């Protein structure tokens, strides 16, 4: 008797090399594309602040610009990560569990003020 795995392998047969190539190249591509965008943004912002620091004649001002620049870059990257995490949770995680079974939203009437 043939096992389920053997039956599936026979049915899929010729598609296996294509699936393997897609898994080997497609999955890392998705991960690297997202990381590449973060790396380019980080490199561009860092280059801008390093260039600003290099154009000053005073060492103290250069060091302050580097510290401030790194702080700005870290804060911006933290904001981007926060937004992306929220997007993933709201639109890709909750969609699997939330269903449209509930009651219709009926807003309360606005309060009336008399002058």
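Only the coordinates and a few stated rules stand behind these numbers; no lab work does. No experiment lies behind these values; they were computed from the predicted model shown. As a convention, Cβ positions derive from the backbone with ideal geometry for all residues, glycine included, and neighbour counts pool all protein chains shown.
Structure above, values below:
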{"item": "Pairwise label distance in nanometres, residue 47 with residue 63, each label 7 Å out on the Cα-Cβ vector", "result": "2.8"}
{"item": "Net length gained if the chain between residue 76 and residue 110 were fully extended (0.36 nm per residue, minus Cα distance)", "result": "8.3 nm"}
{"item": "Extended-chain gain in nm, criterion 0.36 nm per residue less alpha-carbon gap, residue 55 and residue 85", "result": "7.1 nm"}
